[in-house]
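The values are calculated or read from the model by the stated rules, or taken from the named source; none is laboratory data. Nothing here was measured: the structure is a model prediction, and the numbers come from that model. Neighbour counts are summed over all protein chains in view; Cβ atoms, including those assigned to glycine, are modelled from backbone coordinates with ideal geometry.
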Amino acid sequence: MAEKKDWLSCTCSDVSLFLTTNDGHSGIFEFNLLSSFRFIKQWKFPQICNKDEFIYNIAYNNGTLALLISCQSFKYYSNKIVRIEVRSSSTLDQLWSLPLDITYQGGRVNRICSLTCDEWLVIDHKTSHILHINKDGKVKAKRSYEPTAHNAILFGSNILAIRTTNCLNFHRV
């Protein structure tokens with residue numbers, strides 16, 4: 001892997017670092033954290049998404065990777081429906097996929113956060129909502145969050161940190 005890459009999103013397991021690229025034909029690169037970041041594997045379309053799609057965010061949870069994917073073509077700018085896909089982190093085989101009732105808004109990336117019990121939290125910037133997705137790929141809850149959330153991360157098993165424009169809020173879950 002000698003060529004320079006423009007990285008967009010990353011996540012890690014106990015042994016691997018997963019990176020997505022910020023270019024056409026999104027790819028996922030895996031590096032070994034235990035052996036000086038040795039390159040392991042690259043996945044690219046059509047294995048992970050269609051030619052006209054883009055991976056905007058990635059998160060790891062208990063042997064799985066969640067991907068937020070949307071169309072990257074500018075001619076569909078106002079209609080870029082986002083979906084979440086959960087895949088095996090070792091093979092990238094798709095376990096489930098769920099179209100979300102959210103759209104990609106240029107420059108404002110929707111984010112995903114892993115939760116306990118193999119569940120996920122998706123942040124929708126455009127409507128200022130947070131979606132709780134269960135392990136079977138169903139929307140468990142949808143809540144408004146003010147001010148608009150930009151990012152979220154789970155600390156331990158019960159502290160959810162949500163970053164807004166001006167502050168960092170902590171919630172016991």
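Points to keep in mind about this one:
- Which numbered condition Tyr104 fails, given (1) modelled with pLDDT of 95 or more; (2) aromatic (Phe, Trp, Tyr); (3) in contact with a Ser or Thr (Cβ under 8 Å, 6 or more places away or on another chain): (1)
- Residue selected from the stretch 74-92 under the condition of a type in the set (D, E, K, R) and modelled with pLDDT of 95 or more, by the criterion nearest to the chain's Cα centre (by Cα): Glu85
- Sole exception among (1) under 27 Å from Asp14 (Cα atoms); (2) polar (S, T, N, Q); (3) in contact with a helix residue (DSSP H, G or I) (Cβ under 9 Å, 6 or more places away or on another chain) for Ser97, by number: (3)
- Meets criteria (buried (at least 17 other Cβ atoms within 10 Å of the Cβ) and of a type in the set (A, V, I, L, M)) for Ile159: no
- Among residues of the stretch 152-173 that are in contact (Cβ under 8 Å) with a residue 24 or more places away in the chain, those with a beta-carbon under 9 Å from a residue that is outside any strand (DSSP E or B) and loosely packed, with under 10 Cβ neighbours inside 10 Å at least six positions away or on a different chain give the pairs Val173/Ser157.
- Members of the stretch 145-156 found to be assigned to a loop (DSSP other than H, G, I, E, B) and surrounded by 15 or more Cβ atoms within 10 Å (Cβ to Cβ), listed by number: Tyr145, Thr148
- Selection of the stretch 120-144 for residues being part of a loop (DSSP other than H, G, I, E, B) and in contact (Cβ under 8 Å) with a residue 24 or more places away in the chain yields His125, Lys126, Thr127, Asp136, Gly137, Lys138.
- Qualifying positions in the stretch 14-32 - modelled with pLDDT of 90 or more and either touching a Ser or Thr at 6+ places or on another chain (Cβ under 6 Å) or surrounded by fewer than 16 Cβ atoms within 10 Å (Cβ to Cβ) (or both): Asp14, Val15, Phe18, Thr20, Ile28, Glu30, Asn32
- The stretch 43-69 - residue that is farther than 30 Å from Ser157 by Cα and surrounded by 15 or more Cβ atoms within 10 Å (Cβ to Cβ) and, of those, modelled with the highest pLDDT: Trp43
- Looking only at the stretch 83-95, residues that are of a type outside the set (S, T, N, Q) and touching an Asp or Glu at 6+ places or on another chain (Cβ under 7 Å) come to 1 in all.
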